[in-house]
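The values are calculated or read from the model by the stated rules, or taken from the named source; none is laboratory data. As the structure is a computational prediction, the values presented were derived from the model and not from experiment. Here the Cβ positions follow ideal geometry from the backbone for every residue, glycine too, while neighbour counts run over all protein chains shown.
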Amino acid sequence: MQSVDTIEKFRQSLGISQNAAKIYFAALEHGGATLTELAREAGLVRTVMAKPLNELFDNGLISKRQEGKRVKYYPSNPQELPSLLEKKKQSLKELSRVLLQQISVPDQNMQVRWYSGITGIQLAIKEFFEKSRGDFRQFENADTYEFIGVTFGSEIVELRLKTKRKNKLIVIGTREKTGWYQERLARAKDELREVLLVSGEEYPFDANIAVSDNMTIIFEYKQKPFALLIENSLVARSIATIHQMVWDRYHVE
């Protein structure tokens, strides 16, 4: 049996329990053993074996085989441990990314959520349109849906229309660059939308901004795509006021 120090270092490196580490080394000693043999070698009683065995299975450190009437447990090759640790590291990175997407500030009655990548932007936009209250106001670059998907853009229009909520859309760009928006202009009345086109030189918005009564979304899709979703009525009201100032300046009845 390995020394207590070796078992402890192994346990800490993989983040498993002491009993799980003992069972792994017991399996190494045998090269393949029954549950009774493992328990005896590890100095454990069979009644406590289930939980640490599950730890070993979950971490890919042990496997079992039916051999005749007996079930035998085999340890993973120690040479595979670095790759197992790397997989665990990647899983933790992914978990960290997911957790960082949501940051709550309850004492300020605010929720802020961060999303990465084009897929993250799409998730944030869907959440914005699903959870928002009231009508919408948007600053949107003319080439937006060339990057995040024309089909996706149409799905968002349908999502908004299901709730019969209006949209005041300020498109930033030239008519030659509006692409997908040309159809939106033609169907503005049917899609409950008012559209205003402004110069990208006068209003150089690198990010898109949309606001409802209670939520604001900001997203950038060209350099390092991300979306920021802010759930706070005071922030939303401030953004809506800026939008209204631009709208009133250029809108012609």
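May I ask you to list the residues in segment 238-253 that are aliphatic (A, V, I, L, M) and surrounded by fewer than 13 Cβ atoms within 10 Å (Cβ to Cβ)? Steps first, answer last, please.
Restricting attention to segment 238-253, the residues satisfying the condition of being aliphatic (A, V, I, L, M) are 239-240, 242, 245-246, 252.
Within segment 238-253, MET245, VAL252 meet the criteria.
One line per residue, one yes/no per condition, for (1) in the same structural domain as LYS51 (by TED's automatic domain parsing); (2) modelled with pLDDT of 85 or more:
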residue	(1), (2)
SER63	yes, yes
SER91	no, no
GLY117	no, yes
ALA124	no, yes
GLU130	no, yes
LYS168	no, yes
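Out of ALA188, ALA210, report the one residue that is surrounded by 13 or more Cβ atoms within 10 Å (Cβ to Cβ), of a type in the set (Gly, Ala, Ser) and over 30 Å from the mean Cα position of the chain (by Cα).
Details: ALA210 fails: over 30 Å from the mean Cα position of the chain (by Cα).
Of the residues listed, the single one that is surrounded by 13 or more Cβ atoms within 10 Å (Cβ to Cβ), of a type in the set (Gly, Ala, Ser) and over 30 Å from the mean Cα position of the chain (by Cα) is ALA188.
In segment 124-142, what residues are without any contact (Cβ under 8 Å) to a residue 60 or more places away in the chain, under 20 Å from ALA207 (Cα atoms) and surrounded by fewer than 18 Cβ atoms within 10 Å (Cβ to Cβ)? Explain how you work it out, then say what you get.
Step one: list which residues in segment 124-142 are without any contact (Cβ under 8 Å) to a residue 60 or more places away in the chain, which gives 126, 129-130, 142.
Checking which are under 20 Å from ALA207 (Cα atoms) leaves us with 126, 129, 142.
Passing the criteria: only LYS126.
Could you check THR47 against (1) in the same structural domain as ALA240 (by TED's automatic domain parsing); (2) surrounded by fewer than 17 Cβ atoms within 10 Å (Cβ to Cβ); (3) at pLDDT 85 or above and say which number it fails?
Every condition holds for THR47 apart from (1).
In segment 213-237, which residues are surrounded by fewer than 13 Cβ atoms within 10 Å (Cβ to Cβ) and in a helix (DSSP H, G or I)?
Of all residues in segment 213-237, those surrounded by fewer than 13 Cβ atoms within 10 Å (Cβ to Cβ) come to 222-224, 234.
Selection gives LEU234 alone.
For segment 144-151, indicate whether the set of residues that are more than 15 Å from ILE217 (Cβ to Cβ) and either free of Cβ contacts under 8 Å to residues at least 24 places away in the same chain or touching a Pro at 6+ places or on another chain (Cβ under 6 Å) (or both) is non-empty.
yes
For segment 44-63, does any single residue satisfy the condition of being β-branched (Val, Ile, Thr) and over 30 Å from SER91 (Cα atoms)? Full working, then the answer.
Start the filter on segment 44-63 by keeping residues that are β-branched (Val, Ile, Thr), which leaves 45, 47-48, 62.
Within this subset, residues satisfying the condition of being over 30 Å from SER91 (Cα atoms) are 45, 47.
For segment 44-63, residues β-branched (Val, Ile, Thr) and over 30 Å from SER91 (Cα atoms): present.
Looking only at segment 208-253, which residues are closer than 21 Å to LYS126 by Cα and either free of Cβ contacts under 8 Å to residues at least 40 places away in the same chain or of a type in the set (S, T, N, Q) (or both)?
Passing the criteria: ASN208, SER212, ASN214, THR216, ILE218, GLU220, LYS224, ASN232, SER233, ALA236, ARG237.
Within segment 26-56, track down each residue that is closer than 18 Å to LEU81 by Cα, touching a residue at least 40 places away in the same chain (Cβ under 8 Å) and not in a loop (DSSP other than H, G, I, E, B).
ALA27, LEU28, LEU56
Could you tell me whether LEU28 is within 33 Å of the chain's Cα centre (by Cα) and either of a type in the set (Asp, Glu) or surrounded by 17 or more Cβ atoms within 10 Å (Cβ to Cβ) (or both)? Explain how you work it out, then say what you get.
Numbers: within 33 Å of the chain's Cα centre (by Cα): no; either of a type in the set (Asp, Glu) or surrounded by 17 or more Cβ atoms within 10 Å (Cβ to Cβ) (or both): yes.
No: the conditions fail for LEU28.
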